[in-house]
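See below for the structure under consideration.
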Amino acid sequence: MNATLAVVGYYEPWWIQIIKAIVIFAVALQLVPIVLLAERKLMGRMQGRYGPNRVGPYGLLQPLADILKLLTKEQFRPATSVGVLFKVAPVISILTAVAAFAIIPFGDAQDIFGTRVGLYGVDVSIGPLYLFAFGAIAFYGIMLGGWSSGSKYSFLGAMRGAAQLISYEVSQGLALLGVIFTSQTLSLTGIVHAQGGMWYVVPQFVGFLIFLVAGFAETNRAPFDLTEADAELVGGYNTEFGGGPFASYYFAEYLNVLVVSGITTTIFLGGWLLPFGIHPPGWVDPFVVLFKMGLITFLFIWVRATLPRLRYDQLMSFGWKVLLPLATLNALVTAILVVVTH
């Protein structure tokens, strides 16, 4: 029995695949500090105060200073922690975030160096399933981080994080069904091509809102940052982590924000396509995607600076009693319309 994992229509040499892997890590490592700096600057303006402005011109080197500070701190772990799992947990969070980032298409396949190259890590024919598979593995990064710390507060934060991720992942998956029914494909590049006439944010506006709200919860961002509620859990699952391991969790959180922004751009905002089905020159594709991702990321920052944190019972009630029924209804209505119109 043969199982097809990807249908790309062309073959990429091994050296192209290695270069693409390096570029994906390089882009991720560059984008995360930029988002960190942008968040601190924007939140400063929104809250009527200065953001970072001392390290480097206009504070531009502040993320580098933060990273160096964390990486040069003394490494330690509690005596009650489980050594191997305590070290592995942050690595799981980073690897799953990078693996999810790899499927974001920054443009169509183009001829580069005399060979056909896709401007993405991989275009699997089961794109959303690939995404949720690594999202499920990322759950272990949080769960193991809390449990292996040997602290009841960290474990409590991990348990809350597990319940939160599972609850909102269901609604997030159902929100994508409307797009999948309409585009008739699971390939992310295929979904972008299917939006040549109209971006799916228009016919699937309800699904777009559900996916975006669930994305806030999946990335533990305000107002859904219940896994690390400072006043309740003293930092949550990452309380006992410091230095490099804490930087790893921090990096993974902001990279996941970029992943949600990229997937939202791809599935609902036409990817590299301009409005009215306009296809820009090939070299413009990545800039179009990055611009749209920037808008979604700005929304993440805006919401964090605006809305207060929910109570935990409000978080769970909203996920199961509001988002889940809406996502199910949206998928059902879309399925009926697709059957009737075809």
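The values are calculated or read from the model by the stated rules, or taken from the named source; none is laboratory data. The shown structure was predicted, so the numbers you read here are calculated from the model rather than taken from an experiment. Here the Cβ positions follow ideal geometry from the backbone for every residue, glycine too, while neighbour counts run over all protein chains shown.
Kindly indicate which of 234, 257, 202 is assigned by TED's automatic domain parsing to the domain that holds residue 333, modelled with pLDDT of 90 or more and farther than 21 Å from residue 101 by Cα.
202
Pick from 208, 155, 181: which is in contact with a Gly (Cβ under 7 Å, 6 or more places away or on another chain), among the aromatic types (Phe, Trp, Tyr) and either more than 20 Å from residue 279 (Cα to Cα) or surrounded by fewer than 17 Cβ atoms within 10 Å (Cβ to Cβ) (or both)? So that I can check it myself, show each step before the final result.
Working: 208 fails: in contact with a Gly (Cβ under 7 Å, 6 or more places away or on another chain); 181 fails: in contact with a Gly (Cβ under 7 Å, 6 or more places away or on another chain).
One residue alone meets the criteria, 155.
Specify which of the listed residues (156, 144, 188) is over 30 Å from residue 80 (Cα atoms) and assigned by TED's automatic domain parsing to the domain that holds residue 252. Outline the logic, then answer.
Values: 156 fails: over 30 Å from residue 80 (Cα atoms); 144 fails: over 30 Å from residue 80 (Cα atoms).
Going through 156, 144, 188 in turn, just one is over 30 Å from residue 80 (Cα atoms) and assigned by TED's automatic domain parsing to the domain that holds residue 252: 188.
Looking only at region 159-178, decide whether some residue is crowded, with 19+ Cβ neighbours inside 10 Å, in contact with a Leu (Cβ under 6 Å, 6 or more places away or on another chain) and modelled with pLDDT of 90 or more.
Yes, some residue in region 159-178 is crowded, with 19+ Cβ neighbours inside 10 Å, in contact with a Leu (Cβ under 6 Å, 6 or more places away or on another chain) and modelled with pLDDT of 90 or more.
Taking helices (runs of 4 or more DSSP H) that fall entirely within region 169-258, which contain at least 2 residues that are closer than 20 Å to residue 294 by Cβ? It would help to see each step written out before you state the result.
Numbers: elements: 188-194, 205-218, 230-233.
Of the helices (runs of 4 or more DSSP H) lying wholly inside region 169-258, those with at least 2 residues that are closer than 20 Å to residue 294 by Cβ span 188-194, 205-218.
Only residues that are of a type in the set (Val, Ile, Thr), under 30 Å from residue 155 (Cβ atoms) and either in contact with a strand residue (DSSP E or B) (Cβ under 6 Å, 6 or more places away or on another chain) or buried (at least 22 other Cβ atoms within 10 Å of the Cβ) (or both): list them for region 99-142, please.
142, the sole residue that qualifies.
What number of residues in region 146-188 are touching an Asp or Glu at 6+ places or on another chain (Cβ under 7 Å) and of a type outside the set (A, V, I, L, M)?
8
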